[in-house]
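What follows is a single structure, written as structure tokens, with notes after it.
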Amino acid sequence: MAAIEAQPFPFPARPNELALIVIDMQRDFAEAGGFGESLGNDVSRIGKIVPDVKRLLEGFRAASLPVIHTMECHRPDLSDLPPAKRDRGNPTLRIGDQGPMGRVLIAGEAGTSIIAELAPVDGEIVIEKPGKGAFYATGLGQALAEKGITQLVFAGVTTEVCVQSTMREANDRGFECLLAEEATESYFPEFKVAALSMIRAQGAIVGWTAHVDDILKGISHA
Ligand code: TIU
């Protein structure tokens, strides 16, 4: 695989060690009545990236490269929900409360599920995570080690919260991380711009960023 055109310089992709990780493309962050809206956000921004996330998913599937999906969610008994997380802010619906799409951010509920167009297919890894970062209190690190993955292409939401947290966790664990620019979104446009900048600053201190087309071009030779 040729290096993928990226910022701040080309991403040195290794086809046998590369996977796509799609962060938290769940109804709760994208649809009215979900967790994202309960925090006071305009959730319409999130749905707009679905076609680009889907293009990435289809490209990785066509290239037979591994795909991982994450879901931010908690156990029905809330035993993995610290009070500090449940009580934060002043949302109209707190995690675990009954909402129009079921209990908010609880495993197995309708609102917690991944948007239908982006649903995992057989053989793809799905990680349920109680934190913003996907390595904390999950089997992600072990799953990646078992597959020999050392490089991750990131998509999903939100750019500066769960995506950036997970990129930082991955970076500290020795993974090389590439964020797909059109396949990630924030509720705050200025935060997306800032997150992309801070990730690739200082010689890719957290990771690289690239356009979906350039990633697809790179992996098509895998
Ligand atoms: N997945 C994720 O980013 N969870 C959040 O709560 N994000 C917000 O921006 N609120």
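Here, each number is a calculation from the coordinates, and none is a lab measurement. What you see is a predicted model; the values in this text were computed from it and never measured. Cβ sites come from the backbone with ideal geometry, for glycine too, and all protein chains shown count toward neighbours.
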*Determine, for 146, 109, the number of other Cβ atoms within 10 Å of each Cβ, and report the residues in order from fewest to most.*
146, 109
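So what is the 222 nm mean residue ellipticity for the chain from helices alone, if each DSSP H run of at least 4 adds -39500 (n - 2.57) and you divide by all residues, rounding to the nearest 500 deg cm²/dmol?
Calculated from helices alone, the mean residue ellipticity at 222 nm is -8500 deg cm²/dmol.
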*Cβ-placed point charges (K, R +1; D, E -1), dipole of the chain about Cα centre in debye, nearest 20*: 260
*Tell me which aspartates and glutamates have Cα within less than 18 Å of residue 48's Cα, excluding those fewer than 8 residues away on the same chain?*
24, 28, 31, 37, 58, 117, 160, 181, 182, 185, 190, 213
*So what are the three principal axis dimensions of segment 34-151 from its Cα atoms, in whole Å, longest to shortest?*
43, 31, 21
*Å³ per residue of the Cα convex hull, for segment 2-219?*
113
*Out of segment 1-69, which trypsin sites (Lys or Arg not before Pro) are coil in DSSP terms and have no more than 11 other C-beta atoms within 10 Å?*
48
*asked:* Can you pull out the trypsin sites (Lys or Arg not before Pro) in segment 105-186 whose DSSP state is coil and whose Cβ has at most 15 other Cβ atoms within 10 Å?
replied: 173
*asked:* Per residue of segment 78-92, what does 6.51 cos²θ - 1.76 cosθ + 1.60 with θ = phi - 60° give for ³J(HN,Hα)? Whole Hz please, x for Gly and Pro, Karplus curve as stated.
replied: 6, 5, 9, 10, x, x, 5, 7, 5, 8, 5, x, 9, x, 6
*Please go through segment 81-131 and write out the trypsin sites (Lys or Arg not before Pro) that DSSP classes as loop and that have at most 14 other C-beta atoms within 10 Å.*
88
*If contacts are Cα pairs under 8 angstrom and at least 6 residues apart, what is the relative contact order of the chain in percent?*
29
